[in-house]
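Okay, so here's the structure we're looking at.
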Amino acid sequence: MIPNVLSIAGTDPTGGAGIQADLKAFAAQGAYGMAAITAVVAQNTQGVRSFVTLEPGFIAEQIDAVFEDVRVDAVKIGMVATAAIVETIAQRLKHHGARNIVLDPVMIAKSGHHLLRPDAIAAIRDMLVPLSTLITPNLPEAAVLLGAEPDWTLAEMRARAETLHRLGPEWVLLKGGHLEGSSESTDILLGGGGHVEFSAPRVVTKNDHGTGCTLSAAIAALLPRHGMEESVRRAKDYLSGALAASAELTVGHGHGPLHHFYALWRS
């Protein structure tokens, strides 16, 4: 079975993040990608210029149009922007009985620009996090969700992963890419009665635009056919390869994109 996976997120006209990155990651994992757009973002590899959110009612129409016609095997949620959009997404996913929901709580772009209005933080924590099969925050995003300081150690990551899990998702993948002072990047997966730590050597590259979008999208594409731990392991291997091959692309003058199709194009 080829899984059908829906991304609910914002756009990136240069193709490295958001909906465009999600669709590439879905395809790279052998899944059929679909999209419901929450916001149209004017951005490139150097930063976000502005964004326009779509009306919650129209976002609901997009989601309903997909679910009423297509079997949806997994859902990836990215940029949601406002509390009203969060509430709409939560209502429609509940209505349709969505499963394998992966929430990447997108708050700040790689360039430092905010992609989430303040009123949406509590809405994400209260409405979308408990609905999710998996949440995939990085350390700054986890700090916002928990109201904690952004400076973490690995020991603090382990403790706060537990705190994030108590917010209600089935699983938490706390990403340690922002953890300083180590040649390795460690992510903590918590759920199912235990936890697993994934460590990988840091890939030194400036082409890291869309890493969070890509990882969560790859996991969503894998979940219909694999268990959670295996899906995360495969997605992380894929992300490492896409980062390592990113220098093969020449896109933009800032944080360049990953090479989503490095394995396919080489073959």
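Restricting attention to region 129-144, the residues that are under 19 Å from Thr211 (Cβ atoms), touching a helix residue (DSSP H, G or I) at 6+ places or on another chain (Cβ under 8 Å) and of a type outside the set (Ser, Thr, Tyr) total 7. One residue stands out among those in region 61-73 that are free of Cβ contacts under 8 Å to residues at least 60 places away in the same chain and out of contact with any His (no Cβ under 9 Å at 6 or more places or on another chain): the one that is farthest from Gly10 (Cα to Cα), which is Asp69.
When Ala21, Ala9, Ala28 are screened for being in contact with a Lys or Arg (Cβ under 9 Å, 6 or more places away or on another chain) and not basic (Lys, Arg), only Ala9 passes. Suppose the filter is of a type in the set (A, V, I, L, M, F, W, C), part of a helix (DSSP H, G or I) and buried (at least 23 other Cβ atoms within 10 Å of the Cβ); does Leu215 pass it? Yes: the conditions hold for Leu215.
Going residue by residue through region 235-251, is there one that turns out to be over 26 Å from Leu134 (Cα atoms), in contact with a strand residue (DSSP E or B) (Cβ under 6 Å, 6 or more places away or on another chain) and modelled with pLDDT of 95 or more? The answer is yes; a qualifying residue exists. Of all positions in region 163-179, at least one carries a residue that is free of Cβ contacts under 8 Å to residues at least 24 places away in the same chain and more than 26 Å from Asp22 (Cβ to Cβ). For first residues located in region 182-204 and farther than 19 Å from Glu162 by Cα, partners that are of a type in the set (Asp, Glu) and part of a strand (DSSP E or B) and lie 6+ apart or on another chain with Cβ distances below 9 Å form the pairs Ala200/Glu184; Ala200/Asp187; Pro201/Glu184; Arg202/Glu184. Looking across region 84-109 at every residue that is in contact with an Asp or Glu (Cβ under 7 Å, 6 or more places away or on another chain) and modelled with pLDDT under 95, the one that is farthest from Gly168 (Cα to Cα) is identified as Met107. Among residues of region 218-242 being free of Cβ contacts under 8 Å to residues at least 12 places away in the same chain and part of a loop (DSSP other than H, G, I, E, B), the one that is nearest to Gln20 (Cα to Cα) is His226.
Taken together, the criteria exclude Asp69 from residues that are within 25 Å of Leu189 (Cβ to Cβ) and either not hydroxyl-bearing (Ser, Thr, Tyr) or not in a strand (DSSP E or B) (or both). Residues in region 2-56 that are buried (at least 19 other Cβ atoms within 10 Å of the Cβ) and of a type in the set (Lys, Arg): Lys24 only.
None of Leu189, Leu174 is in a strand (DSSP E or B), in contact with a Pro (Cβ under 9 Å, 6 or more places away or on another chain) and crowded, with 19+ Cβ neighbours inside 10 Å except Leu174.
Here is a yes/no grid of residues against (1) free of Cβ contacts under 8 Å to residues at least 12 places away in the same chain; (2) among the basic types (Lys, Arg); (3) assigned to a loop (DSSP other than H, G, I, E, B):
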position: Val86; (1), (2), (3): no, no, no
position: Leu93; (1), (2), (3): no, no, no
position: Val102; (1), (2), (3): no, no, no
position: Ala123; (1), (2), (3): no, no, no
position: Pro140; (1), (2), (3): no, no, no
position: Trp152; (1), (2), (3): no, no, yes
position: Ala159; (1), (2), (3): yes, no, no
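Of the listed requirements (1) more than 16 Å from Ile19 (Cα to Cα); (2) of a type in the set (D, E, K, R); (3) in contact (Cβ under 8 Å) with a residue 12 or more places away in the chain, Lys76 misses just one: (1).
The values are calculated or read from the model by the stated rules, or taken from the named source; none is laboratory data. Quantities reported herein were computed from a predicted structural model and do not represent experimental measurements. FYI the Cβ positions are ideal-geometry reconstructions off the backbone, even for glycines, and counts take in every protein chain you see.
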